[in-house]
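Since the structure comes first, as structure tokens, the remarks are kept for the end.
Values quoted throughout were computed directly from the atomic coordinates according to the rules given, and no laboratory measurement underlies them. What you see is a predicted model; the values in this text were computed from it and never measured. Virtual Cβ from ideal backbone geometry, glycine too; neighbours counted across all protein chains shown.
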Amino acid sequence: MRWLLVAIVVFGNAFGDVLTTMGMKRHGEIEDLRPRHMVGVAFSVARNGHVLAGVASLAVSFFALLALLSITNVSFAIPATALGYLLETVLAKYLLKETVRGRRWAGAILVAVGVLLISLY
């Protein structure tokens, strides 16, 4: 059960971040941080399907994390969910068409190796 919850957290968080990024890139850069302008941004973003889907995905991930923390140690749960860094790097490369250079790949792979090490206890 704990690995199922880890998978839900990892995928929910990764897809949530990617969908939110897609939505905000479509929205455009926020340059004016005055409260009145930010209210308009909030209404605009609230109608953005990618952002809404991203927030929903992040909510599922959050509640799965709560469930995971209720059945396992935090010393396992948080490092195990770090697998999301590798998944997010892959999604950024192929869905968002970001340039991902060697150092970033190496960092994401090192995180994945670290997760493997802590899961072998």
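So here's what we get for this one:
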| quantity | calculated |
| --- | --- |
| Peptide ranges 71-77, 1-7, 48-54 listed from the most packed, as the mean C-beta count within 10 angstrom indicates | 48-54, 1-7, 71-77 |
| Relative contact order [Cα under 8 Å, 6+ residues apart], the range 62-121, whole percent | 40 percent |
| Crossing angle, helix 2-27 versus the chain [Cα axis fit, 0-90 degrees, rounded to tens] | 20 degrees |
| Label assignment, volume of the Cα convex hull per residue in Å³ derived from the structure, set (i) 127; (ii) 98; (iii) 89 | (i) |
| Within the range 95-118, backbone nitrogen closer than 12 Å to the virtual label 7 Å beyond the Cα of residue 25 toward Cβ | 95-100 |
| Highest-first arrangement of 94-107, 27-40, 57-70, where packing means the average Cβ count within 10 Å | 57-70, 94-107, 27-40 |
| Positive-end extreme of charge dipole, the chain - chosen from 22, 37, 114 (charges on Cβ) | 22 |
| Extension gain (nm, one decimal) between residue 75 and residue 95, 0.36 nm per residue minus Cα-Cα | 4.1 nm |
| Computed E for residue 55/residue 32 - FRET, C-beta separation, R0 25 angstrom, nearest 0.05 | 0.65 |
